[in-house]
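Everything below concerns the one structure shown next.
The values are calculated or read from the model by the stated rules, or taken from the named source; none is laboratory data. Keep in mind that this is a model prediction, so the values were computed, not measured. Virtual Cβ from ideal backbone geometry, glycine too; neighbours counted across all protein chains shown. The accessibility values were calculated without ligands, DNA or RNA, using every heavy atom of the protein model including side chains. Shrake-Rupley method; radii C 1.70, N 1.55, O 1.52, S 1.80 Å.
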Amino acid sequence: IVFVRFFLIGATMSISLGLYLFSTLFSPHTKSRGFRLRRNWAKLGCRILGIKNKFDGVAITAPAIYAVNHRSLVDPMIIAPHIDAFVVSKAEVESYPVLGYGAALTGIVFVKREDKSSRSATIQAMYEILERGDNVMIFPEGTTNLQQLTKIYKLGSFRVAADLGIPVVPVVLEYRDNKDLWNIDHVLPQFAKQFGVWRTHTKMHIGPPFLGSDPEKLMTEVKEYTDKTLVEMHEGWSTMGFYERDDEV
């Protein structure tokens, strides 16, 4: 089942992108078409991987920063059908065959993080996206998390939100089982561990918008809401066994 799923993910991604590029001969690429491509493929990808997601909440109509807790590299696939937002990613992804080109077409903005100015480049990209009226999605923990509650959040995105008067919307995503914790360094063994069973159960919740002129307070409010919702999600549902410290992995 693992090899079949891995093959189907790559094959459907390539076919979807190829058909889309062919369609641009008759209808030019647009932002909305790119998001629709991402939504449709993400729905298909979730079916291939056996992901059964219980979703609630509503994305707001105004431009916003969507702040998501981070469990797995497939988090964006689960989120994509519900939220159209640009994601700032490291420039190396752009060089990946098929994936890089498809990402660029469907709302990924690449920045060179190895540069000394990488942080400012990321922030500048966020300003540009939000000021033209589009959404941004961030993972403020900066990396996948093995603990029950969120790690320390990075402040930069909340400074942007406070400066522009843009709401931050918490998005809480959780997996039910211990196999879904991203605790193997290499992608293929992790993929096999996570998707070597027939079904993967997840929950996703879009919270209310948070506004504020104080970035630290804004960050604290969003983080506390996310942690509270994670605890509520776990009750009577989760079979997770969490790590007390990251160095236990």
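Odds and ends about this structure:
- Fully extending the segment from Ile60 to Lys217, taken as 0.36 nm per residue of separation minus the present Cα-Cα distance, adds 54.4 nm.
- Loop chymotrypsin sites (Phe, Trp or Tyr not before Pro), the range 6-81, which have at most 15 other Cβ atoms in a 10 Å radius of their Cβ (DSSP): Phe26
- Charged side chains reduced to their Cβ positions (Lys and Arg at +1, Asp and Glu at -1) give the chain a dipole of some 900 debye around its Cα centre.
- Shape category assigned to the range 133-228 from the gyration tensor of Cα positions, a/c cut at 1.5: prolate
- The range 141-249 - percent of accessible surface contributed by carbon and sulfur, probe 1.4 Å: 52
- Comparing Ser120, Gly107, Gly57 along the charge dipole axis of the chain, the residue lying farthest to the positive side is Gly107, per the Cβ-charge model.
- Sparse-neighbour loop sites [chymotrypsin sites (Phe, Trp or Tyr not before Pro); the range 166-212; at most 16 other C-beta within 10 Å; DSSP]: Trp198
- Listed values (1) 1.06; (2) 0.99; (3) 0.95 include one computed from this model; for Rg/Rh (Cα atoms, Kirkwood Rh) that value carries the label (3).
- Over the range 1-54, volume per residue of the alpha carbon convex hull, in Å³: 63
- Within the chain, longest stretch free of exposed trypsin sites (Lys or Arg not before Pro) [DSSP loop, at most 11 other beta carbons within 10 Å]: 1-115
- Which listed pairs, of Lys154/Lys223; Lys43/Lys223; Lys43/Lys179; Lys203/Lys228; Lys151/Lys223; Lys151/Lys228, have C-alpha distances above 18 Å, in listed order: Lys43/Lys223; Lys43/Lys179
- For the pair Leu188 and Ala11, the difference between a 0.36 nm per residue extended length and the Cα-Cα distance amounts to 62.1 nm.
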